[in-house]
Amino acid sequence: AEQQPFPVKSKQFTADIGGKETQFVINVYSNRVFIIVTQNGKPGTMIHVSRDAGAGGGGSSSLPRVLIGKRDDYISVYAKKIAEVVHMKCSKSLLLSLSVSGENPQDFRSIVQLLGENGIW
């Protein structure tokens with residue numbers, strides 16, 4: 001029998017975001033995309049965002065649901081924006097592990113942009 005390639009697509013990279021080393025891990029499974037963004041090597045807040053089936057062609061998503069961790073407004077904004085980037089090209093649900101410090105808008109834009117540029121979904 002011929003071996004099938006490992007079914008999980010994966011990508012890892014590191015970037016300097018606001019002077020902090022930020023690690024990114026993207027795993028694409030058959031039913032979801034799992035993204036880790038961490039500045040301290042810890043998993044941080046776990047958020048689930050599923051694709052809104054009622055949304056037309058756009059990248060609209062349902063509200064982020066915090067599974068474990070902080071329930072801050074900026075965490076929800078991160079999750080919603082990252083989900084929009086993922087859902088523009090993929091209908092799988094998103095599981096996001098986010099551990100970033102501060103609420104700097106430039107850092108936020110940089111993280112979202114890097115995920116968009118490095119998407120494998």
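Go through [x] 0.95; [y] 0.98; [z] 1.07 and flag the label whose value is the computed Rg/Rh (Cα atoms, Kirkwood Rh) for this structure. Among [x] 0.95; [y] 0.98; [z] 1.07, the one derived from this structure is [y]. Whole-Hz Karplus values for region 111-121 come out as 5, 4, 5, 4, 5, x, 6, 10, x, 10, 7 Hz, taken residue by residue from phi with 6.51 cos²θ - 1.76 cosθ + 1.60 and θ = phi - 60°; glycine and proline positions read x.
Just checking the listed ones, Gln106, Gln23, Gln39: in the Gaussian network model of the chain with Cα springs under 10 Å, the one fluctuating most is Gln106. Which of the three applies to region 62-121, rounded, prolate or oblate, going by the alpha-carbon gyration tensor with a ≥ b ≥ c and a/c under 1.5 meaning rounded? Oblate is the answer for region 62-121, as a/c is 1.5 or above yet b/c matches or exceeds a/b. Only the Cβ atoms of Lys and Arg (+1) and of Asp and Glu (-1) were treated as charged; on that basis the dipole of the chain about its Cα centre amounts to roughly 280 debye.
Among Gly102, Met88, Gln113, flag the residue with its Cα farthest along the positive direction of the charge dipole of the chain, charges on Cβ as +1 for Lys/Arg and -1 for Asp/Glu. Most positive-ward Cα: Met88. Rounded to the nearest 5, the antiparallel percentage of DSSP beta bridges internal to the chain is 75%. For the chain, the number of Lys pairs with C-alpha atoms closer than 27 Å, counting only pairs eight or more positions apart or on separate chains, is 28.
Throughout, read-outs are computed from the coordinates displayed, never taken from laboratory work. Bear in mind that the values here come from a model prediction, so they are computed numbers and not experimental data. Methodologically, a virtual Cβ is constructed for each residue, glycine included, from the backbone with ideal geometry; neighbour enumeration extends over all protein chains shown.
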